[in-house]
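Visitor: Below is one structure. I have some questions about it.
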Amino acid sequence: MTRPRRDPRAERASIQVAGEARPRFDRTARRTGSGRPRRDPRAERAGQRVAGESRPRYDLSQTVRFDAAVITEAQPKTAAVAPPKILVLENPAFLVAVVPDAPGGRLSSHDRQVLGAARALAGREGGVAILTLGPCEGVGPAGADRCLPLEAVEGYDPASQTARVAAALTALAARHVLFPESLDGGDLARRVAVRLGEPVFTNAEVVAANGLVRPAKGRRVEQRVAPGMLATVAPDAVAEYGGPPREARLLSVDGEAPTPSPQKNPKRIVSAARVPADPATVPLALAEFVVSAGNGLTDLDTFRQVVAALHATPGASRVLCDAGLMPRHTQVGASGTVLAATCYFALGISGAPQHLQGVAGCEHVVAVNTDLHAAMIERAGLAIVQDAQVVMPALLRLLEQEAGENA
Amino acid sequence: MKIVVLLSAGRHPVSGAPVLPRMEAQAIRIAAALGEAVGLHAGPDAEAVREALGLGLTHIEHIAVADGLDPVPALAARLAAMAPDLVLAGRRGQGGPESGIVPYALAEALDLLLIPDVVAVSGGPDTLTLDQSLGRGALRRVAVRGPVLATVHPDAAAPLAYAFGKARRGTIELVGAAAKATDVPEAVVEERPYRRRPKLVKGAPTGGSAAERLKAATGEGGSATKGRLLVEPDPEEAAREILAHLRQIGVLADASKSAK
Ligand SMILES: Cc1cc2nc3c(=O)[nH]c(=O)nc-3n(C[C@H](O)[C@H](O)[C@H](O)COP(=O)(O)OP(=O)(O)OC[C@H]3O[C@@H](n4cnc5c(N)ncnc54)[C@H](O)[C@@H]3O)c2cc1C
């Protein structure tokens, strides 16, 4: 048996684009006649390109049939610009519940991570339900399919809060329930666990459908179990949900009649009052906002006034502590205190590596220095090249003026 | 006032040597300031908690419970007999499963009020004031009536110094053994050596290049690359910029609010 003989010249002539002075050939056209269609690697590559990113990215999991070179046109460029579509899950096969801390009605980043973990557990079929005490905003974009707002408990009353959450969880019949392993979330999780009589898998560092992993015995071993009913998720261990926003459809649970503390002696907590941290005395490692003085500062009296006026915690570089100008416990850096502050305000500090190590965890840095090329200026979100001795009185004047206007 | 401090056989987080967990040592300090306190340990060997005698306790009661058994029923029975006004425990164990569930199980078994993460306790037998840590040095001051179980937070005052003489004078008394414990069906736990996992980098772009992730990790990305630089501004203008920036971050209260 013989194959029909190919005629390359005729084939070539048939794909020539008509009406051009220079001969051009359309190789994407499906060849009639014999032989395998010709691959077009460039078109295949272009077809794998993820639309709408400035840096080219290719989705290699997508196998492009080599004869389907038109795939590029099938991806309209406008798809990325359009607002992300809200994902709707009609009938989830099961629910993964999340009970966030949500301080002040907003999700903390730890809460978002727990929602990301719940999303990973839910997979394609499952839904994520969030149980908030009081209203909470932005739960849909964080990955919640359902939202069940419970009535907030007024005052500090962990017992009735536990009763409310436990009742709602029983009514919801979620397959898994995740809590953040924070001060409040970890407490609530354990209370709910002993109330429901379920084991709780605390401080999970890996959350996946095939198993949860937690450190134990002083981080010597890790324990892995199949996901149970209750678990708490460690901070900064699981990524937040990054997909399109979800529906966060409001749920109502009928069996939710909060029994008013079924204890024998209900009023055991007489009073509870919040005492905010005093920035002047709080340990440096716990401080929220640190104002720090360096070798470029000569006027330490004004510095102390600025610290007091800004309601900040004082810090210093090693030079000042060695000279005895500032107490040793204020030293920031590798051989002093490593900060966990939100904002660090450096006055006259050059930013030696040993000092910057102490500031590495600070999200925002403001620096005042006379040297444009100081490392601290480079590190700062707001950098001011100016003499600190004139900026400090200006700050004080401005704060005083504002206080006067509002008095 | 009757105070009981729950003691556990801990392991040092670095060396693995037997040691009294720091939070329990801190609990002893809190208890010693309030009055006479008794230690309570359930476990195979009381030698594990002898260190507590040098840190401020004079007497420890020991319930013999075989290794690997749940200590909660034995502890609950003994606590019910002692009827203390205040029970102190660490917020987590150290060197064991470290789940921190024992105080909660005890509070449920005895119907005690539980206040977690306490850094200081004051007051008398009828009304106690507990300072509860809310993180970052903020506190919640809770006044409670009646018996209470509190767990101690690491931010509490540092433990008392170890005193050898006191440790020798202190006594450990065996107060009983747990009845043949019923075997609780344990969840299937698979254990393997701990493996460090990469820490989540905050603010790293998802799917960014390695260089972008490195920048985010070293803090050179984010605010620093987008940072504002003012060269030789007028001092008044600089002050205005600084205050506006601090307010935008949220570490400084608004001028109108702070005046109130
Ligand atoms: C083993 C070791 C450990 C160390 N650990 C630490 C540590 O934990 N913490 C620590 O801080 N240091 C530590 N150091 C010291 C560190 O290396 C630096 O020497 C120190 O941080 C420098 O402090 P500084 O920025 O205040 O002073 P300098 O480096 O002298 O910087 C002063 C800055 O102020 C600026 N300036 C001058 N005049 C003015 C003005 N009028 N207005 C505004 N700015 C002005 C200058 O331009 C300069 O940038 C350690 C060093 C070693 C060797």
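The values are calculated or read from the model by the stated rules, or taken from the named source; none is laboratory data. Note that the structure is a prediction, hence the values are computed from the model and not measured. Reconstructed Cβ throughout: ideal geometry from the backbone, glycine too, with neighbour counts over all protein chains shown.
Visitor: Go through segment A:168-191 residue by residue and tally those that are assigned to a helix (DSSP H, G or I) and either among the hydroxyl-bearing types (Ser, Thr, Tyr) or closer than 24 Å to residue A:93 by Cβ (or both). Spell out the reasoning first.
Guide: Filtering segment A:168-191 for residues assigned to a helix (DSSP H, G or I) gives A:168-172, A:183-191.
Next, only the ones that are either among the hydroxyl-bearing types (Ser, Thr, Tyr) or closer than 24 Å to residue A:93 by Cβ (or both) stay: A:168-172.
Selection size over segment A:168-191: 5.
Visitor: I've got another one for you. Restrict the check to segment A:389-400 and report whether at least one residue is touching a residue at least 60 places away in the same chain (Cβ under 8 Å), in contact with a helix residue (DSSP H, G or I) (Cβ under 9 Å, 6 or more places away or on another chain), part of a helix (DSSP H, G or I) and at the interface with chain B (Cβ under 7 Å from one of its Cβ atoms).
Guide: Checked segment A:389-400: at least one residue is touching a residue at least 60 places away in the same chain (Cβ under 8 Å), in contact with a helix residue (DSSP H, G or I) (Cβ under 9 Å, 6 or more places away or on another chain), part of a helix (DSSP H, G or I) and at the interface with chain B (Cβ under 7 Å from one of its Cβ atoms).
Visitor: For segment A:163-180, give me the residue count where each residue is within 13 Å of another protein chain (Cβ to nearest Cβ) and crowded, with 23+ Cβ neighbours inside 10 Å. Full working, then the answer.
Guide: The first filter runs over segment A:163-180 and keeps only residues within 13 Å of another protein chain (Cβ to nearest Cβ), leaving A:163, A:166, A:179-180.
Narrowing further to those that are crowded, with 23+ Cβ neighbours inside 10 Å: A:179-180.
Qualifying residue count, segment A:163-180: 2.
Visitor: Given the conditions (1) at the interface with chain B (Cβ under 10 Å from one of its Cβ atoms); (2) closer than 25 Å to residue B:237 by Cβ; (3) surrounded by fewer than 22 Cβ atoms within 10 Å (Cβ to Cβ), and given that residue A:304 satisfies all but one, which numbered condition is not satisfied?
Guide: Failing condition for residue A:304: (1).
Visitor: Would you check if residue A:361 is part of a loop (DSSP other than H, G, I, E, B) and not hydroxyl-bearing (Ser, Thr, Tyr)? Full working, then the answer.
Guide: Values: part of a loop (DSSP other than H, G, I, E, B): yes; not hydroxyl-bearing (Ser, Thr, Tyr): yes.
For residue A:361, the condition - part of a loop (DSSP other than H, G, I, E, B) and not hydroxyl-bearing (Ser, Thr, Tyr) - is met.
Visitor: State which residue is nearest to the ligand (Cβ to nearest atom) when the search covers only segment A:329-361 and only residues that are closer than 21 Å to residue B:137 by Cβ and polar (S, T, N, Q).
Guide: A:331
Visitor: Select from segment A:301-323 the residues that are over 22 Å from residue B:251 (Cβ atoms) and within 14 Å of the ligand (Cβ to nearest atom) and write down the one among them that is farthest from the chain's Cα centre (by Cα).
Guide: Going through segment A:301-323, the residues over 22 Å from residue B:251 (Cβ atoms) turn out to be A:301, A:318-323.
From what is left, the residues that are within 14 Å of the ligand (Cβ to nearest atom) are A:318-323.
Working: A:318: 34, A:319: 37, A:320: 37, A:321: 37, A:322: 39, A:323: 41 Å.
The residue in question is A:323.
Visitor: Which of (1) more than 14 Å from chain A (Cβ to nearest Cβ); (2) surrounded by 19 or more Cβ atoms within 10 Å (Cβ to Cβ); (3) not in a helix (DSSP H, G or I) does residue B:31 not meet, given it meets every other one?
Guide: (3)
Visitor: Could you figure out which of (1) within 11 Å of the ligand (Cβ to nearest atom); (2) in contact with a Pro (Cβ under 8 Å, 6 or more places away or on another chain); (3) within 23 Å of residue B:250 (Cα to Cα) isn't true of residue A:326?
Guide: The number of the failed condition is (3).
Visitor: State all residues of segment A:367-388 that are over 22 Å from residue A:299 (Cα atoms), at the interface with chain B (Cβ under 7 Å from one of its Cβ atoms) and among the small types (Gly, Ala, Ser); if no residue qualifies, say none.
Guide: Those that are over 22 Å from residue A:299 (Cα atoms), at the interface with chain B (Cβ under 7 Å from one of its Cβ atoms) and among the small types (Gly, Ala, Ser): A:380, A:381.
Visitor: Give the residues of segment B:34-49 that are surrounded by fewer than 23 Cβ atoms within 10 Å (Cβ to Cβ) and closer than 17 Å to residue B:95 by Cα, sorted by residue number.
Guide: B:43, B:44, B:45, B:46, B:47, B:48
To keep it simple, each residue is scored yes or no on (1) at pLDDT 75 or above; (2) more than 30 Å from residue A:245 (Cα to Cα).
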site: A:1; (1), (2): no, yes
site: A:37; (1), (2): no, yes
site: A:48; (1), (2): yes, no
site: A:53; (1), (2): no, no
site: A:56; (1), (2): yes, no
site: A:103; (1), (2): yes, no
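Visitor: Looking only at segment B:117-129, decide whether some residue is in the same structural domain as residue B:12 (by TED's automatic domain parsing), modelled with pLDDT of 90 or more and closer than 27 Å to residue A:196 by Cβ.
Guide: Looking through segment B:117-129, at least one residue is in the same structural domain as residue B:12 (by TED's automatic domain parsing), modelled with pLDDT of 90 or more and closer than 27 Å to residue A:196 by Cβ.
Visitor: Within segment A:365-378, can you find the residues that are more than 7 Å from the ligand (Cβ to nearest atom) and either surrounded by fewer than 22 Cβ atoms within 10 Å (Cβ to Cβ) or modelled with pLDDT under 90 (or both)?
Guide: Result: A:372, A:373, A:375, A:378.
Visitor: What number of residues within segment B:1-28 satisfy the criterion of being among the aliphatic types (A, V, I, L, M) and assigned to a helix (DSSP H, G or I)? Write out each step before concluding.
Guide: Our first condition is that a residue be among the aliphatic types (A, V, I, L, M); within segment B:1-28, this holds for B:1, B:3-7, B:9, B:14, B:17, B:19-20, B:23, B:25, B:27-28.
With assigned to a helix (DSSP H, G or I) added as a condition, the list becomes B:23, B:25, B:27-28.
Result for segment B:1-28: 4.
Visitor: Related question: Can you find a residue in segment A:115-128 that is in contact with a helix residue (DSSP H, G or I) (Cβ under 8 Å, 6 or more places away or on another chain), touching a residue at least 40 places away in the same chain (Cβ under 8 Å) and within 30 Å of residue B:112 (Cβ to Cβ)? Spell out how you get there, then give the answer.
Guide: Step one: of segment A:115-128, the residues in contact with a helix residue (DSSP H, G or I) (Cβ under 8 Å, 6 or more places away or on another chain) are A:128.
Retained after the next criterion (residues that are touching a residue at least 40 places away in the same chain (Cβ under 8 Å)): A:128.
Filter once more, so that each one left must be within 30 Å of residue B:112 (Cβ to Cβ): none.
Checked segment A:115-128: no residue is in contact with a helix residue (DSSP H, G or I) (Cβ under 8 Å, 6 or more places away or on another chain), touching a residue at least 40 places away in the same chain (Cβ under 8 Å) and within 30 Å of residue B:112 (Cβ to Cβ).
Visitor: Another question, if that's okay. Scan B:187, B:244, B:204 and give me the residue that is under 24 Å from residue A:343 (Cβ atoms), among the small types (Gly, Ala, Ser) and either exposed (fewer than 12 other Cβ atoms within 10 Å of the Cβ) or modelled with pLDDT of 65 or more (or both). Don't jump to the end; show me each part of the working.
Guide: Numbers: B:187 fails: under 24 Å from residue A:343 (Cβ atoms); B:204 fails: either exposed (fewer than 12 other Cβ atoms within 10 Å of the Cβ) or modelled with pLDDT of 65 or more (or both).
Selected residue: B:244, the only one of B:187, B:244, B:204 that is under 24 Å from residue A:343 (Cβ atoms), among the small types (Gly, Ala, Ser) and either exposed (fewer than 12 other Cβ atoms within 10 Å of the Cβ) or modelled with pLDDT of 65 or more (or both).
Visitor: Here's something else I'd like to know. Collect the residues in segment A:341-358 that are in a helix (DSSP H, G or I) and within 11 Å of chain B (Cβ to nearest Cβ), keeping them in residue-number order.
Guide: Going through segment A:341-358, the residues in a helix (DSSP H, G or I) turn out to be A:353-358.
Within segment A:341-358, A:356, A:357 meet the criteria.
Visitor: Mind listing whichever residues of segment A:192-224 are closer than 14 Å to residue B:191 by Cβ, more than 7 Å from every other protein chain (Cβ to nearest Cβ) and of a type in the set (D, E, K, R)? Please lay out each step first, then the result.
Guide: Narrowing segment A:192-224 to residues closer than 14 Å to residue B:191 by Cβ: A:201, A:211-224.
Among the residues that remain, those that are also more than 7 Å from every other protein chain (Cβ to nearest Cβ) are: A:201, A:211-214.
Within segment A:192-224, just A:214 meets the criteria.
Visitor: Name every residue in segment A:185-220 that is surrounded by fewer than 18 Cβ atoms within 10 Å (Cβ to Cβ) and either under 25 Å from residue B:15 (Cα atoms) or in contact with a Pro (Cβ under 9 Å, 6 or more places away or on another chain) (or both), in order of residue number.
Guide: The answer is A:208, A:209, A:210, A:211, A:219, A:220.
Visitor: Out of all the residues in segment B:19-59, which are under 18 Å from the mean Cα position of the chain (by Cα) and hydroxyl-bearing (Ser, Thr, Tyr)?
Guide: Listed by number, the list is empty, since nothing qualifies.
Listed here are the residues, each with its yes/no results for (1) within 18 Å of residue B:7 (Cβ to Cβ); (2) more than 8 Å from every other protein chain (Cβ to nearest Cβ).
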site: B:72; (1), (2): yes, yes
site: B:98; (1), (2): yes, no
site: B:102; (1), (2): yes, yes
site: B:141; (1), (2): no, no
site: B:145; (1), (2): no, no
site: B:149; (1), (2): yes, yes
site: B:167; (1), (2): yes, yes
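Visitor: If residue A:295 passes every condition in (1) at pLDDT below 90; (2) more than 27 Å from the chain's Cα centre (by Cα); (3) within 16 Å of the ligand (Cβ to nearest atom) but one, which one does it miss?
Guide: Against the list (1) at pLDDT below 90; (2) more than 27 Å from the chain's Cα centre (by Cα); (3) within 16 Å of the ligand (Cβ to nearest atom), residue A:295 comes up short only on (1).
Visitor: While we're looking at this one, here's another question. So residue A:296 passes all but one of these: (1) outside any loop (DSSP other than H, G, I, E, B); (2) surrounded by fewer than 23 Cβ atoms within 10 Å (Cβ to Cβ). Which condition number does it fail?
Guide: With (1) outside any loop (DSSP other than H, G, I, E, B); (2) surrounded by fewer than 23 Cβ atoms within 10 Å (Cβ to Cβ) applied to residue A:296, the lone miss is (1).
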